[in-house]
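Student: Here it is, the structure, as structure tokens.
What follows is calculated from the coordinates using simple rules that are stated; it is not laboratory data. This is a predicted model, so every value here is computed, not measured. For neighbour counting, all protein chains shown are included, and Cβ atoms are generated from backbone atoms with ideal geometry for every residue, glycine included.
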Amino acid sequence: MNHLLGLLLALMPLGVFAQVPQQFELVYRFTFNGQFLGKVTDRFQRLSGQQYQLTSVAKPEGNLALLLPTLTLTSKGAFKSQQLVPTSYRQVRSNAPQKAAQASLDWSRKLLTHQYKGKTEQEALPSGTQDALSQLYVFSIMENLPGKLEMPVTNGRRLLSYRYEKYPAEAIVTPLGSFETVEYRRIAGPDENAISVWVAPALHHLPLRIRVKEDSGVFEQQLIGMNYRAT
């Protein structure tokens, strides 16, 4: 079934991919420095009107499930003009719900509010701001992929600057088949995480692989499953 889904998506005209999908679910194999940790499940759903909800659940498996918490990210907002417009973001670990990091994006007042560890901070909301989850999916509603992409990103604690550049990349083999990809590589400054996102033009520009390099090591997600509904 997954192979058939991949084939059908690959044969769909490009115009279809300019539309926002009704819903999808992506399942990734999650590793740290090559060691298997568990799975990450990302879900996107169009709600009433032009609203959306994105969730990402990173759940450890095996013996690590006893040691590591489940991490849940939630992004809510609207979509318009080939752009995601988040209005709220939340990041929480199962073992420390009281330390949830949250962001409220008030576009009418141009106000960004962060809440973390009992503290609330506010600042001006820059145009085009994304959150740590939505920024991975801004490509999925673009008809044409830009050579460079720059955007402010909130992680629920503070506002960061993300700059991506596009690079040609190799085909990635998944259970859905083999797909040509384009790599977006973050231009990271000192003390910033290096991030690479491989998106597949034949799969609605959805990410097939995500790699984050931190001081402690390299986290990587590799797509292993997908459910997709275009309309």
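Student: Need the full-extension length gain, S127 to Q82, defined as separation in residues times 0.36 nm minus the C-alpha distance. One decimal, nm. Walk me through the intermediate numbers first.
Tutor: Working: separation 45, 0.36 × 45 = 16.20 nm, distance 1.46 nm.
Length gained between S127 and Q82: 14.7 nm.
Student: Could you pull the Rg and Dmax for segment 40-118, using just the Cα atoms, both in Å?
Tutor: Just the Cα atoms of segment 40-118 yield Rg and Dmax of 14.8, 47 Å.
Student: Please find the FRET efficiency linking L47 to L67, where r is the Cβ-Cβ separation and R0 is fixed at 35 Å, and quote it to the nearest 0.05.
Tutor: Details: r = 36 Å, r/R0 = 1.02.
It comes to 0.50.
Student: Report the number of Lys pairs in segment 2-229 whose alpha-carbons are under 15 Å apart, with separation of 8 or more residues or on distinct chains.
Tutor: On the way: K39/K59; K99/K117; K99/K119; K148/K166.
Here the count comes out as 4.
Student: Please report the net charge: other residues with Cβ closer than 14 Å to the Cβ of L136, K and R +1, D and E -1. Numbers along the way, then the final one.
Tutor: On the way: positive: R43, R185, R186, R209, R211; negative: D42, D131, E183, E220.
Local charge sum for L136: +1.
Student: Which percent of Cα-Cα pairs in segment 110-229 sits in each 10 Å bin, short to long?
Tutor: Distribution as computed: 12, 40, 33, 14, 2 percent.
Student: How high is the relative contact order of the chain? Use alpha-carbon pairs under 8 Å, at least six apart in sequence, and give a whole percent.
Tutor: Numbers: 556 pairs, mean separation 47.6, N = 231.
Reported relative contact order: 21 percent.
Student: Could I ask something else about it? Under a GNM of the chain (C-alpha, springs under 10 Å), which listed residue has the highest mean-square fluctuation: Q115, Q135, Q50?
Tutor: Q50
Student: Find out how many positive minus negative residues lie around L73, taking Lys and Arg as positive, Asp and Glu as negative, among other residues whose Cβ is under 10 Å from that of L73. Numbers along the way, then the final one.
Tutor: On the way: positive: R90; negative: D42, D131.
Result for the local shell: -1.
Student: Sequence-distant or interchain residues sharing an amide H contact under 5 Å with A169, placed H: which?
Tutor: HN-HN under 5 Å from A169: T181, E183.
Student: If amide hydrogens are placed 1.01 Å from N in the peptide plane, which non-local residues have theirs closer than 5 Å to the one on L208?
Tutor: W198, V199, A200
Student: Could you compute Rg(Cα) / (2.2 N^0.38 Å) for segment 2-229, with N its residue count? Before the final figure, lay out the partial values.
Tutor: Details: Rg = 17.2 Å, N = 228, 2.2 N^0.38 = 17.3 Å.
Against the empirical 2.2 N^0.38 Å value, I get 0.99 for segment 2-229.
Student: In addition: What net charge do the residues around L223 carry, taking every other residue with its C-beta under 10 Å from that of L223, with Lys and Arg at +1 and Asp and Glu at -1?
Tutor: Taking every Cβ under 10 Å from that of L223, the sum is +1.
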